[in-house]
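Below is one structure; the comments refer to it alone.
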Amino acid sequence: MILSFLMLLPTLLSKIRARFPGLDSASIRQGLRHAFSTGKSQENTTLNEKELALITKLIAVVQKRRLAIPASMFLECMQPLNYIGSQAMAFFRPFLTFFFTPAEYDLFQGILEKRDGIKRIIEELEKG
């Protein structure tokens, strides 16, 4: 199955390049490599102070409503899909910025794009 995918990859890349002339093979490959990577890079693991402050604010809201256990269970189940979830957030941005400020929304989306973002949220939920 993997061999057949690898054989079809050049055809797929050429069709993508035909649709989007601004893209080149290197950027497409890098995007696919990033989307399906399992390794860790330094830029993708560290959280800055603003992101940690937003996580703390989120944890306070969850604990105030006594939803720490269901939230941690949900996040544990969704952890392998964190990057896909962050991309879905980009789609729902016009609807969900009604509840969050656009800056907080973008920051939370950035947390989910990082490989250890959900793991850090779960750790903070378990501390409290």
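In a reduced charge model with +1 at each Lys and Arg Cβ and -1 at each Asp and Glu Cβ, region 23-123 shows a dipole moment near 240 debye about its Cα centre.
Its relative contact order, with pairs defined as Cα atoms under 8 Å and 6+ residues apart, puts the chain at 33 percent.
So how much slack lies between residue 84 and residue 65, counting 0.36 nm per residue of separation and subtracting their Cα-Cα distance, in nm? Don't skip to the end; give the middle numbers.
Values: separation 19, 0.36 × 19 = 6.84 nm, distance 2.68 nm.
Gain in length upon complete extension: 4.2 nm.
Values (i) 16.5, 50; (ii) 13.4, 36; (iii) 17.9, 53 are given for comparison; Rg and Dmax of the Cα atoms in Å, derived from the coordinates here, is the one labelled (iii). Scoring 111-122, 46-57, 13-24 by mean Cβ neighbours within 10 Å over their residues and listing the highest first yields 111-122, 46-57, 13-24.
Straight-line reach from residue 119: taking Cα to Cα under 14 Å and skipping same-chain neighbours fewer than 8 places apart, the aspartates and glutamates in range are 51, 76. Taking the C-alpha atoms only, the angle from helix 49-64 to the longest principal axis of the chain is near 60 degrees.
Projected onto the charge dipole of the chain (+1 at Lys/Arg Cβ, -1 at Asp/Glu Cβ, origin at the Cα centre), which of 53, 86, 111 gives the Cα projection farthest towards the positive end? In the chain, that residue is 86.
Inter-label distance, residue 46 to residue 16: 2.9 nm, where each label sits 7 Å from its Cα along the C-beta direction.
A simple spin-label model places pseudo-atoms 7 Å from Cα toward Cβ; at residue 115 and residue 6 they are separated by 2.2 nm.
Laboratory data are not the source of any read-out in this text; all were calculated from the coordinates shown. Just so it is clear, the model here is predicted, and its values are computed rather than measured. Counting neighbours? That spans all protein chains shown, and the Cβs are built from the backbone with ideal geometry, glycine included.
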